[in-house]
1. Select from the range 447-499 the residues that are under 15 Å from residue 509 (Cα atoms), surrounded by 15 or more Cβ atoms within 10 Å (Cβ to Cβ) and among the polar types (S, T, N, Q) and list them in ascending order.
2. Return the residue satisfying two criteria in turn: it lies in the range 83-107 and is β-branched (Val, Ile, Thr) and not in a helix (DSSP H, G or I), and of such residues it is nearest to residue 29 (Cα to Cα).
3. Take residue 502 and decide whether it is without any contact (Cβ under 8 Å) to a residue 60 or more places away in the chain, loosely packed, with under 15 Cβ neighbours inside 10 Å and over 18 Å from residue 434 (Cα atoms).
4. Cβ-Cβ under 7 Å, sequence separation 6+ or interchain: first residue in the range 505-531 and under 16 Å from residue 477 (Cβ atoms), partner assigned to a strand (DSSP E or B) and hydroxyl-bearing (Ser, Thr, Tyr). Which pairs?
5. What are the residues in the range 102-124 that are out of contact with any Asp or Glu (no Cβ under 8 Å at 6 or more places or on another chain) and either of a type in the set (S, T, N, Q) or closer than 17 Å to residue 57 by Cα (or both), if any?
6. Considering (1) of a type outside the set (D, E, K, R); (2) open to solvent by 60 Å² or more (accessible area, probe 1.4 Å); (3) outside any loop (DSSP other than H, G, I, E, B); (4) farther than 30 Å from residue 287 by Cα, say which one residue 229 fails and leave the rest.
Amino acid sequence: NDAPIVDLNGNGPDDGFNFSTSFTEGGLPVPIADQVDSEITDVDSTDLSQCVLRLVSAPDGSEETLTGTSSAGVTVSAPGTTLILSGTSSLPDYLNVIRSVVYENTDENPTTTDRQVQVTCTDDTGVSSNVAITTISVTSEPDRPVVDLDGLATAPIDFSVTFAEDGGPVPIVDPSDLEIEDLDSTQLSQCVVRLSPTPDGAEEGLTVFTGTSLITDSYDAASGRLVLSGLDDINDYQNALRTVQYFNNLQHPDTTTRTASFVCYDEGNLDNSPVAVSTISISRSNDEPTVDLDENTAGNGFSATYTEDEEPVSIIGSPSIIDPDSITLDVCTLEILNPNSVDRSLEILEGEDFGTGITISYDSSTNILTLSGTEPLESYELVLGSVKYEHLGNNPDTSFVRNVEVICDDGSDTSSPVLSRVSVEAVNDPPVYDANGAASDIDFNAGTFVEGGADLVLSDPAATLVDEDSANIRRCTITLDIIDAGEEELISTAPGANYDASRGVLVISGLDTVSNYETALNAISYRHTGEDPTEGSRDVTVTCTDDSFDTNTETSNPSTLITLTVQATNTEPIVDLNGPGNAGNDKTDVEFVEESGPVPITDPSVVVTDVDSTELSQCVLRLTGTIDAGEILSAATGGGITVVWDSTNELLTLTGNAPLSSYNNKLATVTYNNPNDNPSVGNRIVEVECTDNEGANSLSSAVSESTISITLVNDAPLIDLSGAGVAGRNTGPVDFTEGDTPVQVSPAGTVEDLDSTDLSSCEVTLTNIQNAGEELLDTAAASGTITADYDDSTGILVISSSSSEPTATFTNYIQQVTYENTAEDPETDTRRIIEFVCFDDQG
């Protein structure tokens, strides 16, 4: 009996029966036989009973296996280093199963020596085959390191931690269990930990302790990168990474979640994949606000001095409010801790809200000023900086300093109290003139002075002069805010009264009682002597000095403000169409010549004047006389003035509130035009009326006129040889045949004249005679006053009347004009041109 032959490469005995292949770490299992050419033969048996495949050497132990797939009566044993294929079956069935056998090595760092797989088969009579060998070369691939932030024993590889404000740095990995593993490397070259985002900039970051290792570390706050570098043992890198911590020095850190990604590189420059990530949550703790009443001086307090009867004094300098973790406050209170118990309601704290949304309220019974509303720190700083102290009494107690306590609350905590110390100084009380009498304010509105009217009294009948601590007055100064110099006066008949008209100052002087000065002040009146006073308000101030006035310590006494209004009476504007350099306001020398285009209706220097108005609201120009269709007045547009022409009523309207100069410029552009070819004779009159801009008091000017004479221009007759309804005015070409009768050259021709009904003559000219003496022009037989003469030397046919005839008569002769050539051999290369000219009865 012959043995079966196993050929793993299919090339026969000449090439041997063995097979070679290769396996790469991490790659797919590889077949141990050629998938196309391998074969099993047996010359005297068709079946096999068994095949044995044995992996001769397996240095990686159980990580190396042979695996096959049972099929068609062939059973394959479990995967391992030896496979037994059993069962009586055909050679092709065993070959298919052997082709299914693959080698696999799951070791992460396989031994790279060659492996051999020996294959022997036994036929169904028990005879064994040759030993066929497959040689497998093994290639090891480098492995990436693995970084697990909480240890390889737990999944996943990431870590999470919470950083609490003011709680100090926190580890962002498991400091005991973080592990780094690399199956084929014992050293790392670098690890990079990247923090993102970093909204708090350099105030947050990462730290690490590398100990005595060869590792160096650096942190870049701009990029958030912590870099550990230097070739060192994995354990040293593992120990260093276990110390990585996150810090944030801000008192009010951004609460955006941060992530820190860990990437390490082994000595082959492979990095870990996937990347391990530590998630860092941020929690805040509240900090109380700190108030400094003046950041420009030492300490947190402030000092101020209030002087009796002067303006309220600021009791806070340049305030600063710091709250590390809140950008808003809810409330600030300012309390006078030690007001005078007798007149505490006279001690006032006040402030401005500046539109910040902060509500300000003051309780005079408790002397507490409250600022409330959830608003930014900057808004509270602004409002606090406006807080002032005032004492409304005439004799405040100056024996002690007022302490104003300031406390602010951010909704969670209140600030420590800070004090503003306010000293109070008393002064002499000046006299006060109350021009308003019984009303609450000392100032007074005296009403309106009307131009040309009676003097205006400048005080209420119940006006008073009061001095809290003096019985006598030394002087009173009454000052008028003059607008029209030399025309405004303050009138007083009091003894010792003197008025300086150049400065508008009335002085009443001399030591006298308060009562007598009150009488003098109440009798003062205002007068304006001008013809055109400037309208508007005038201010009159009254200041008095008592006999205790000390120029060394007191610089000014309070003034009473008296206001009045000056009202002028309106005067109508004047329209001068002829210009200021010419006599009269009318324009009488405007000439319009027919067909010569628009003409100005005013002198170039036309001017509208108004002694008490600087603006006009409108000008109306009316065209009068015998008006032809199409006559028009027009003006340039623009300049803030609207121009409208009403052809139905022959009105040109200029409207819009604008300065006199703008209307002057606009009137200078007004033109008249008549587009008619035969306009009506007779003068046109343009009536011009302008209205000033004084609202309900507006006045219109007297009417000024521009007279336009019409000059006619004679229109030439119009010849149309082509006839009505045919484009163009020429006709032809007309054909003439030698030996034929004369031909009409303009049978449809017409003659019209827009301003004449009669013609005196027409001339028809053969302009390019080619057969001298033999080319003729003729027309209908003469009749009435009409004659027709032809000069064959010039080629001109003259049709004329001894007097004149209607255009229709001449039209008939034009239509009957004929051309004839009597030559036996006429020149035919040149077209003859015939021209027609007619003259009206005016030549």
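1. Hits for the range 447-499 are 472, 477, 479, 492.
2. Taking the range 83-107 first, the residues β-branched (Val, Ile, Thr) are 84, 88, 97-98, 101-102, 106.
From what is left, the residues that are not in a helix (DSSP H, G or I) are 84, 88, 101-102, 106.
On the way: 84: 19, 88: 28, 101: 9, 102: 6, 106: 10 Å.
Per the stated criteria, the residue is 102.
3. Working: without any contact (Cβ under 8 Å) to a residue 60 or more places away in the chain: yes; loosely packed, with under 15 Cβ neighbours inside 10 Å: yes; over 18 Å from residue 434 (Cα atoms): yes.
Criteria met by residue 502.
4. That search, which allows pairs on different chains as well, returns 505/477; 505/479; 506/499; 507/477; 518/464; 521/433.
5. Applying the first criterion (out of contact with any Asp or Glu (no Cβ under 8 Å at 6 or more places or on another chain)) to the range 102-124 yields 102, 112-114, 116-122.
Passing the criteria: 102, 112, 113, 114, 116, 117, 118, 119, 120, 122.
6. All conditions pass for residue 229, except number (2).
Here's the yes/no breakdown for (1) without any contact (Cβ under 8 Å) to a residue 12 or more places away in the chain; (2) within 20 Å of residue 151 (Cβ to Cβ); (3) aliphatic (A, V, I, L, M):
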{"position": "183", "(1), (2), (3)": "no, yes, yes"}
{"position": "199", "(1), (2), (3)": "no, no, no"}
{"position": "211", "(1), (2), (3)": "no, no, no"}
{"position": "227", "(1), (2), (3)": "no, no, yes"}
{"position": "233", "(1), (2), (3)": "no, yes, no"}
{"position": "239", "(1), (2), (3)": "no, yes, no"}
{"position": "250", "(1), (2), (3)": "no, no, yes"}
{"position": "263", "(1), (2), (3)": "no, yes, yes"}
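Okay, residues lined up against (1) surrounded by 21 or more Cβ atoms within 10 Å (Cβ to Cβ); (2) of a type in the set (A, V, I, L, M, F, W, C); (3) in contact (Cβ under 8 Å) with a residue 12 or more places away in the chain:
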position	(1), (2), (3)
667	yes, yes, yes
680	no, no, yes
685	no, yes, yes
688	yes, yes, yes
705	no, no, yes
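The values are calculated or read from the model by the stated rules, or taken from the named source; none is laboratory data. Keep in mind the model is a prediction, meaning the values are calculated, not measured. When we count neighbours, we look across all protein chains shown, and the Cβ atoms used for this are built from the backbone with ideal geometry, even at glycine. We work out accessible area using only protein heavy atoms, side chains counted, and drop any ligands, DNA or RNA first. Shrake-Rupley method; radii C 1.70, N 1.55, O 1.52, S 1.80 Å.
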